[in-house]
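Participant: Okay, handing you the structure first.
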Amino acid sequence: MLTIRRAKPLSELERGEAFEVQDTLNAAHVARFSVMFGLDDKVVPARAAGALLAHVITTRFPGPGSRIVAENLRYGGGMAEGDVLTTGLVVLDIDQKAGVARLACRVTGPGGMVLAEGEVEVLPPTTAEERALPQMTGLGPHAGKVMADLFARCRALPPVPTAVAHPCDAESLRGAILAAQQGLITPILTGPEGRIRAIAEKESLDLGGMTLIGTEHSHASAEAAVALVREGRAAALMKGSLHTDELLGAAIAKEAGLRTERRVSHAFVMDAPLYPRPLIITDAAVNIAPDLEAKADIIRNAIKLAQAMGIATPKVAILAAVETVTPKMQATLDAAALCKMAERGQITGGVLDGPLAFDNAISPAAVAAKGIQSPVAGQADILLVPDLEAGNMLAKQLAYLGGAESAGIVLGLRVPMALTSRADNAMARLASAALLRLMAPV
């Protein structure tokens, strides 16, 4: 069933404004939470209240289009089917310049038991649009936590000088500005100056204090951005509204001086509501059909990223259609070889296993049903996909059908590159900037 809901933009929010709503925990919610937590009973830990809180913020108040960028929540107690949960929100502060609202939050259960309490920072929508949204039928217990942890990890770090190539549409320009306002990057914009300033004026975006290097077209924008890195004026790259191959081609050119001994690869970091940890999918944008040697480097790059995100020894699942090695499927042979390479110390820093089908990589229930014995199965941090097509489809399915937030980064160059789709919103670009900050060599 669809419900028409109106978003409340930042301009309409007021300090002290309060919102409260009640939801009843049904059997579908409990079943999903129980599977994700590996529980046999029907008592769900209070951590699942975070999913309800995220759902209320992004669909009711401020509403559709809202994005949670940081959270500080405490949890207690538990809940069960039939419990009536009350979610209360109060606007504590509004930062019009950064586009952020700070909300006090509380989720309570029967008898007023506090299940979740604390504060969140939200990017409300900019317009009061209406959307047809499905009623809540089964949220995951971890919605929003991955991105919140990512931003929290960056807070103590200084902004990284970043060459932003051709931010010539509203979303890419807004993403760079938001990243600057959040202290993640110091942007240096390269692109047609008149066009960029016209977009900023139309969208009421403040370019004050930003360096803008004028270029004639997107190819020149990419070359100018790469030159900034080569000259030491920037320590990271961010893709704007140009084609991926334009910026990547400029970066990997021999004269750019940005190549290393590593294969260049791409990684998506997914914040999937039904998965309890970050999920790194690689490679879904650069290497079309990687061979064994390329896959080894792709894994090495992803392990380095996971470690920068605070995952000391990431678990790497090497995906195929089946979990057994068969000569008829090259992905299974590569998986076996990669695991042997890790055993011999050729790939270090993570725990590898494969071949594993997708369900066996991420679902403890599937692992138990199939009797798989593995240190990785059911709890993977990194998914190595067989080829770009599989990875791209997997990441976009999680985003468009599973409600996952994502961030994208190119690894293996001398500096990191934030690589997002031209269809991505400002939130995806902001999260990608956070990855840049963690991976930058400064």
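Participant: Nearest 20 debye, what's the magnitude of the dipole of the range 311-442 about its Cα centre given +1 on Lys and Arg Cβ and -1 on Asp and Glu Cβ? All intermediate terms of the calculation are to be shown ahead of the outcome.
Facilitator: Details: 10 positive and 10 negative charges, 59 e Å.
Here the range 311-442 has a charge dipole of around 280 debye.
Participant: Show the residues, 5+ positions off or on another chain, whose built amide H is closer than 5 Å to the amide H of L279.
Facilitator: M270, A272
Participant: While we're here: State which entries of K295/K396; K304/K340; K97/K202; K370/K396; K8/K202; K304/K370 exceed 23 angstrom in Cα-Cα distance in the structure shown. Mind dumping the intermediate values first?
Facilitator: Numbers: K295/K396 21 Å; K304/K340 20 Å; K97/K202 16 Å; K370/K396 27 Å; K8/K202 21 Å; K304/K370 31 Å.
Distance filter (> 23 Å) returns K370/K396; K304/K370.
Participant: Rg (Å, one decimal) plus Dmax (Å, integer) for the alpha carbons of the range 154-256?
Facilitator: 12.8, 39
Participant: Bin by bin, in steps of 5 Å, what percent of the Cα pairs in the range 41-120 do you find, going until the bin that has the longest distance?
Facilitator: 3, 15, 27, 24, 15, 10, 4, 2, 1, 0
Participant: If you don't mind, another one. Return R15, R102, R263 ranked ascending by Cβ neighbour count within 10 Å, so the fewest neighbours appear first.
Facilitator: On the way: R15 11, R102 16, R263 21.
In order of increasing Cβ crowding within 10 Å: R15, R102, R263.
Participant: Could you grab the Rg to Rh ratio for the range 348-442? Cα atoms only, Kirkwood for Rh. Intermediate results must be reported in sequence, preceding the final value.
Facilitator: Values: Rg = 15.6 Å, Rh = 15.3 Å.
Reported Rg/Rh, Kirkwood definition of Rh: 1.02.
Participant: Divide by every residue of the chain the summed helix terms, -39500 (n - 2.57) for each DSSP H run of at least 4, and state the resulting mean residue ellipticity at 222 nm, rounded to the nearest 500 deg cm²/dmol.
Facilitator: On the way: 13 runs with 146 residues, N = 442.
So the calculated ellipticity at 222 nm is -10000 deg cm²/dmol.
Participant: If you don't mind, there's one more thing I want to ask. For the range 265-412, evaluate the Debye formula with one uniform point scatterer on each Cα (no solvent term) and list log10 I(q)/I(0) at q = 0.18, 0.22 Å⁻¹, rounded to two decimals.
Facilitator: For the range 265-412 at q = 0.18, 0.22 Å⁻¹, log10 I(q)/I(0) is -1.01, -1.59.
Participant: Please arrange D93, D334 by how many other C-beta atoms lie within 10 Å of their C-beta, fewest to most.
Facilitator: Numbers: D93 12, D334 23.
Fewest-to-most ranking of D93, D334: D93, D334.
Participant: Over the Cα atoms of the range 176-231, what Rg and Dmax result, in angstrom?
Facilitator: Spelled out, the Cα radius of gyration and Dmax of the range 176-231 are 11.6, 33 Å.
Participant: Compute the projected area of the convex hull of the Cα atoms of the chain, averaged over all viewing directions, and report it in nm² to one decimal place. Don't skip to the answer; put the middle values down first.
Facilitator: On the way: hull surface 85.8 nm².
If I average the Cα hull's projected area over directions, I get 21.4 nm².
Participant: Cut-off 19 Å, label point 7 angstrom out along Cα-to-Cβ of Q397: give me the residues of the range 302-341 whose amide nitrogen falls inside.
Facilitator: Once the point is set 7 Å along Cα→Cβ of Q397, 317-324, 330-332 turn out to lie under 19 Å by backbone N, inside the range 302-341.
Participant: Then there is this: Between A198 and K328, what is the label-point separation in nm under the 7 Å Cα-to-beta-carbon projection?
Facilitator: So the two model labels end up 5.8 nm from each other.
Participant: Further question on the same structure: So how do I252, I280 line up by other beta-carbon neighbours within 10 Å, fewest first?
Facilitator: Working: I252 16, I280 25.
Going from least to most buried by this count: I252, I280.
Participant: I want the local charge near A98. Using Cβ-Cβ distances under 12 Å, sum +1 for each Lys or Arg and -1 for each Asp or Glu among the other residues. Could the numbers behind the result be given before it?
Facilitator: Numbers: positive: K97, R102, R174; negative: D93, D95, E121, D206.
Neighbour charge sum, excluding A98 itself: -1.
Taken together, the values in this text are just the output of simple stated rules run on the coordinates, not laboratory data. Keep in mind the model is a prediction, meaning the values are calculated, not measured. A quick note on method: Cβ atoms are made from the backbone with ideal geometry, for glycine too, and the neighbour counts reach across all protein chains shown.
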